[in-house]
1. Taking each pair of different alpha-carbon atoms in segment 67-157 once, compute 1/r for the pair, average those values, and report the inverse of that mean as the Kirkwood hydrodynamic radius in Å to one decimal.
2. Quickly rank 15-22, 91-98, 114-121 as a protection proxy: mean count of other C-beta atoms within 10 Å, highest first.
3. Give the carbon-plus-sulfur fraction of the accessible surface of segment 84-124 in %, rounded to a whole number; probe 1.4 Å, heavy atoms of protein chains only.
4. Provide the per-residue ³J(HN,Hα) series for segment 81-93, in order, calculated from phi with Karplus coefficients 6.51, -1.76, 1.60 and θ = phi - 60°, each as a whole number of Hz, with x at glycine and proline positions.
5. For segment 4-116, what does the alpha-carbon gyration tensor say about shape, rounded, prolate or oblate, given a ≥ b ≥ c as the root eigenvalues, a/c under 1.5 as rounded, and a/b over b/c as prolate?
6. May I ask you to give the solvent-accessible area per residue for segment 1-133, in square angstrom, as obtained with a 1.4 angstrom probe?
Amino acid sequence: KDLATDYTTTTATTQGMQDVLDSITDVKNSPGLAGATGISGMVYSFPGSQAAAAETNLANLKGKVTSLGQTLANASGKIGPMAVQEWTIVRDMVAALDKAVSKGETITREELTKIEFAAKNVAKRVQDKFEGQYGDELSNYPQFATVPEPKSRLSGKIKPAGGGSVTAPKTPTVNIDALLKKYE
């Protein structure tokens, strides 16, 4: 029972973090990000403007993190509490994003990159914990042996808020150890 429960939690966490990553890409690709940040971000954005679309994308990012937290709060099993602790890291970083937004586009992009890095690591750590917890048992339960890759809604061409089209960026390979040293 714990194996099935934790498989579900691991799958939900990795998919939820992919949704967060997709939202970060939406924010980074928002043509009106400069108008939604810094001093201009403190002024009311006209409905339908690119700045309003960027503000919507920022709000959607916060919503994705909140939604993932609600899902994980209901998680049980051996992985559930760990997933909630990992999610808290991303939640706190997104909450701090408001301060970065008030400081301008460059700082906002830097903070988004840090959140992106954290979200990727959360998904990896939760999956590693699952595999470590149940490694020996997985051969007896092949239906749980492989956690599916999360699906990105950004594959191919997308229509970002505010119009236009953007080709979804390819996910870069990341040397986790090198990045961890960089942010220590």
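1. Computed over Cα pairs of segment 67-157, the Kirkwood hydrodynamic radius comes out at 15.2 Å.
2. Those peptides, ordered most packed to least, come out 15-22, 114-121, 91-98.
3. Heavy-atom surface of segment 84-124 belonging to carbon and sulfur, 1.4 Å probe: 55 percent.
4. Each residue's phi maps through the Karplus curve to give x, 5, 4, 5, 4, 5, 4, 4, 4, 5, 4, 5, 5 Hz.
5. Because a/c hits 1.5 or more and a/b exceeds b/c, segment 4-116 counts as prolate.
6. Averaged over the residues of segment 1-133, the accessible area is 46 Å².
The values are calculated or read from the model by the stated rules, or taken from the named source; none is laboratory data. Quantities reported herein were computed from a predicted structural model and do not represent experimental measurements. Positions of Cβ are backbone-derived with ideal geometry, glycine not excepted, and every protein chain shown enters the neighbour counts. Accessible surface is based on the protein model in full, side chains and every heavy atom, while ligands, DNA and RNA are left aside. Shrake-Rupley method; radii C 1.70, N 1.55, O 1.52, S 1.80 Å.
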